[in-house]
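Trainee: This is the structure I have questions about; it appears just below.
The values are calculated or read from the model by the stated rules, or taken from the named source; none is laboratory data. The structure presented is a predicted model; accordingly, all values stated were derived computationally and were not measured. Here the Cβ is made from the backbone with ideal geometry for all residues, glycine too, and neighbour counts use every protein chain on show.
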């Protein structure tokens, strides 16, 4: 009993520490974003935005969520073929919760709802989500390494030969993880010995779920479809950035949009308040500074991109929320092992 109380106390302290750190990081990012700002440039950039390109960016942001359902449908297909319209709603609800609640709570929500509505094994649905997250992680690692190669082609980054080497190494590791997952797990167990106990256990639990779910991808056809859809999803996010470049009359390339996306992904790492207010904008400022975009113009771009990426999902999430109660009451065994 005492041990349980002690553990509960530690969890409570850890939770409050993350919340305090989130507010601290948010406050720091807001201060860095708005200090020494040219408010006239900020205002003029927003007022002069091209509404045609802005509308395309909003529409593309919503369509990207719809397209994300194609990949999840492929992973769920061995158990149940779920309509894309339903997966779109579940992904919107998931992203809605991810925006308003920290710690990626929305991923659990969509897995729970999919399992409950279609009476699929809860473990299987969670496994498909794990596949998505691990696969996204590896793809983004590859892109973080390889983006300097693409920028180097435009003579903007040096050292691209080293980047090419790491690109192929990361790609090899991804496919090795798919085909020899137990070997990779043994390596990570050995290497993770230097990590704190709780972090080490969390990493191992995450990888073990992923290894079981990655068995779905040993089919060459399934693997090819997932790879194509993952890159299509990322390309869709980059396209939203590119449309907004046009809306702000910024003469930046598609690869600059990719660089911006990766910078925003890095900005998702530190704890933050819900909505990632401040941290999102400062990540945009830092990324666009590489392309000599002024701080005031970059902040105006970051504010609008933040609204384009989050506001439609919040509004649609509120519209789709009533379906939560229907799904929860419809079946009594959400994680049936059928």
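Trainee: Mind listing whichever residues of the range 228-243 are surrounded by fewer than 16 Cβ atoms within 10 Å (Cβ to Cβ) and either part of a loop (DSSP other than H, G, I, E, B) or without any contact (Cβ under 8 Å) to a residue 40 or more places away in the chain (or both)?
Mentor: Correct list: 228 only.
Trainee: I'd like to check something: does the range 5-17 contain any residue that is part of a helix (DSSP H, G or I), under 25 Å from residue 245 (Cα atoms), out of contact with any strand residue (DSSP E or B) (no Cβ under 6 Å at 6 or more places or on another chain) and at pLDDT below 90?
Mentor: Within the range 5-17, not a single residue is part of a helix (DSSP H, G or I), under 25 Å from residue 245 (Cα atoms), out of contact with any strand residue (DSSP E or B) (no Cβ under 6 Å at 6 or more places or on another chain) and at pLDDT below 90.
Trainee: Could you figure out which of (1) in a loop (DSSP other than H, G, I, E, B); (2) surrounded by 21 or more Cβ atoms within 10 Å (Cβ to Cβ); (3) at pLDDT 90 or above isn't true of residue 309?
Mentor: (1)
Trainee: Still on this structure, I have one more. When you look at residue 214, is it assigned to a helix (DSSP H, G or I) and at pLDDT 75 or above, yes or no?
Mentor: No, not satisfied.
Trainee: State all residues of the range 287-301 that are within 20 Å of residue 48 (Cα to Cα), free of Cβ contacts under 8 Å to residues at least 60 places away in the same chain and assigned to a helix (DSSP H, G or I); if no residue qualifies, say none.
Mentor: The answer is 288, 298.
Trainee: Also, quick follow-up: Tell me yes or no: at least one residue of the range 89-100 is touching a residue at least 40 places away in the same chain (Cβ under 8 Å), part of a helix (DSSP H, G or I), out of contact with any strand residue (DSSP E or B) (no Cβ under 7 Å at 6 or more places or on another chain) and over 27 Å from residue 242 (Cα atoms).
Mentor: no
Trainee: Looking at 42, 54, which one is at negative phi and at pLDDT 90 or above?
Mentor: Sole residue among the options that is at negative phi and at pLDDT 90 or above: 54.
Trainee: Counting only residues that are out of contact with any helix residue (DSSP H, G or I) (no Cβ under 6 Å at 6 or more places or on another chain), touching a residue at least 12 places away in the same chain (Cβ under 8 Å) and more than 21 Å from residue 106 (Cα to Cα), how many does the range 244-285 have?
Mentor: Residues meeting the conditions: 5.
Trainee: If a residue must be touching a helix residue (DSSP H, G or I) at 6+ places or on another chain (Cβ under 8 Å), touching a residue at least 12 places away in the same chain (Cβ under 8 Å) and outside any helix (DSSP H, G or I), how many such residues does the range 104-133 contain?
Mentor: The number of residues fulfilling the criteria is 2.
Trainee: Looking only at the range 29-39, filter to residues that are assigned to a helix (DSSP H, G or I) and touching a residue at least 24 places away in the same chain (Cβ under 8 Å); which one of those is farthest from residue 272 (Cα to Cα)?
Mentor: Checked the range 29-39; the qualifying residue farthest from residue 272 (Cα to Cα) is 39.
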